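Asks: The structure is given below, and queries will be raised subsequently.
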Amino acid sequence: MTKQTVLNKAHRELGARMVDFGGWDMPVNYGSQIDEHHEVRNAVGMFDVSHMTVVDVSGKQAKAFLQRLLANDVAKLTRQGKALYSCMLNEKAGVIDDLIVYFLDDENYRLVVNASTREKDLAWINQQAEAFEVSIEERPNLAIIAVQGPKARQKVCPILPERLGMSAAEIKPFSACWFGEWFVGRTGYTGEDGFEIMLPEEKAEGFWKQLLEVGVKPCGLGARDTLRLEAGMNLYGQDMDETKHPLESGLAWTIAWSPEDRDFIGKTVLAAIKKQSAHDKFVGLLLQDKGVLRGHQKVVLADGSTGEITSGGYSPTLERSIALARVPANIGETCQIDIRGKLKNAKVVKPCFVRQGAVQIEL
């Protein structure tokens, strides 16, 4: 049976087009997906992401446990509320999931993991936790609303609970503040400024309506995908999964190799891969001919070797087709894409096209 978030009724009242997304009944758009995309880039939009999974890790060995569980190192988190992006790897260095971890204090951390991987994530986390003195608690009673765009702080802070609003106005990017069950992270999945707000389910519909009243436009999963693609942000299940390691998924920056005595899961295999010079690399592609780039299309290099597009689509900001791709390390500045049997020319760029409303590449 398809699951529903607490805001399902609110989406339908707004005329959202609903789709099955990983077993959840979610809004793909409320009208024009492109208008929603531009609203986030230029002003502010909001997304229901209550299908995401919140997991609290607590106990005397919480830090040691997460240092073992994650490829990035939570020891970097020394300021209360600071967040860290990391991959959670299996023993073969494949990506079980990518997630955000927030530092609450030395014995308490909060993880936010993907909805589509919830069951396997929880099973893996609980299995690894058996060797540590920690408590693992899923928080299904929390809804999550992401408010994104250059005007996000202007719209959100005045309508948060008073004490929390004052704190949220001052928090730095990739940090969080909280008051009671309300938890506000200055994080997001669009390449723009904004918040991801975790709040009690019974408060979610009222807060959603408050946001509507102050002019925040509701946006669906369609715009969320084009925004994250422009920002060069990976999508689990497309750009990485358990068969791929971080080094070939553009995620080398998320691995903490020091201190050397920290032995995270998958480290030995990943270190051996790192020594090789032949593993694939992750790039951005800008189509120079007519056509649309899509996942699984073949990328053809000048020497005849091939790679594959992992995510692709039309960029409303650039008004061009763009993609993320996994390709041989010897790729040059250009390549070709096999689109329905015809080779189309593409430019190879860094896998980040638009951030903070600004184009990051040369067209």
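The values are calculated or read from the model by the stated rules, or taken from the named source; none is laboratory data. This one's a predicted model, so the numbers in the text were calculated from it and none came from an experiment. Virtual Cβ from ideal backbone geometry, glycine too; neighbours counted across all protein chains shown.
Asks: From the residues in segment 298-340 that are of a type in the set (Ser, Thr, Tyr) and within 18 Å of GLU248 (Cα to Cα), which one is surrounded by the most Cβ atoms within 10 Å (Cβ to Cβ)?
Replies: Looking at residues that are of a type in the set (Ser, Thr, Tyr) and within 18 Å of GLU248 (Cα to Cα), I get THR310.
Asks: Okay, moving on. Could you count how many residues in segment 234-283 are hydrophobic (A, V, I, L, M, F, W, C), within 22 Å of LEU66 (Cβ to Cβ) and in a loop (DSSP other than H, G, I, E, B)?
Replies: So in segment 234-283, the residues hydrophobic (A, V, I, L, M, F, W, C) come out as 235, 240, 247, 251-253, 255-257, 264-265, 269-273, 278, 282-283.
The next check asks that each one be within 22 Å of LEU66 (Cβ to Cβ); those that pass are 240, 247, 251-253, 255-257, 264-265, 269-271.
Narrowing further to those that are in a loop (DSSP other than H, G, I, E, B): 251, 255-257, 264-265.
So the count comes out to 6.
Asks: Filter segment 5-31 for residues that are in contact with a His (Cβ under 9 Å, 6 or more places away or on another chain) and surrounded by fewer than 21 Cβ atoms within 10 Å (Cβ to Cβ); which is farthest from GLN238 (Cα to Cα)?
Replies: TYR30
Asks: Among the residues of segment 116-125, is there at least one that is β-branched (Val, Ile, Thr), more than 16 Å from ILE197 (Cα to Cα) and not in a loop (DSSP other than H, G, I, E, B)?
Replies: Step one: list which residues in segment 116-125 are β-branched (Val, Ile, Thr), which gives 117, 125.
The next check asks that each one be more than 16 Å from ILE197 (Cα to Cα); those that pass are 117, 125.
From what is left, the residues that are not in a loop (DSSP other than H, G, I, E, B) are 125.
Yes - at least one qualifying residue is present in segment 116-125.
Asks: A follow-up question, please. What are the residue pairs meeting all of these: first residue in segment 72-83, first residue at pLDDT 95 or above, second residue exposed (fewer than 15 other Cβ atoms within 10 Å of the Cβ) and not in a strand (DSSP E or B), Cβ atoms under 7 Å, and 6 or more apart or on different chains?
Replies: What qualifies is ASP73/ARG262.
Asks: Which condition number does ASP97 fail, the rest of (1) in contact (Cβ under 8 Å) with a residue 60 or more places away in the chain; (2) out of contact with any helix residue (DSSP H, G or I) (no Cβ under 7 Å at 6 or more places or on another chain); (3) assigned to a strand (DSSP E or B); (4) charged (D, E, K, R) being met?
Replies: (2)
Asks: Inside segment 186-204, can you point out the residues that are touching a Phe, Trp or Tyr at 6+ places or on another chain (Cβ under 7 Å), within 19 Å of GLU138 (Cα to Cα) and in contact (Cβ under 8 Å) with a residue 60 or more places away in the chain?
Replies: Correct list: MET198 only.
Asks: So ALA272 passes all but one of these: (1) out of contact with any strand residue (DSSP E or B) (no Cβ under 7 Å at 6 or more places or on another chain); (2) in contact (Cβ under 8 Å) with a residue 24 or more places away in the chain; (3) among the hydrophobic types (A, V, I, L, M, F, W, C). Which condition number does it fail?
Replies: Of the numbered conditions (1) out of contact with any strand residue (DSSP E or B) (no Cβ under 7 Å at 6 or more places or on another chain); (2) in contact (Cβ under 8 Å) with a residue 24 or more places away in the chain; (3) among the hydrophobic types (A, V, I, L, M, F, W, C), the odd one out for ALA272 is (2).
Asks: Sticking with this one: VAL184 - would you say it is over 23 Å from ILE96 (Cα atoms), among the aliphatic types (A, V, I, L, M) and buried (at least 20 other Cβ atoms within 10 Å of the Cβ)?
Replies: yes
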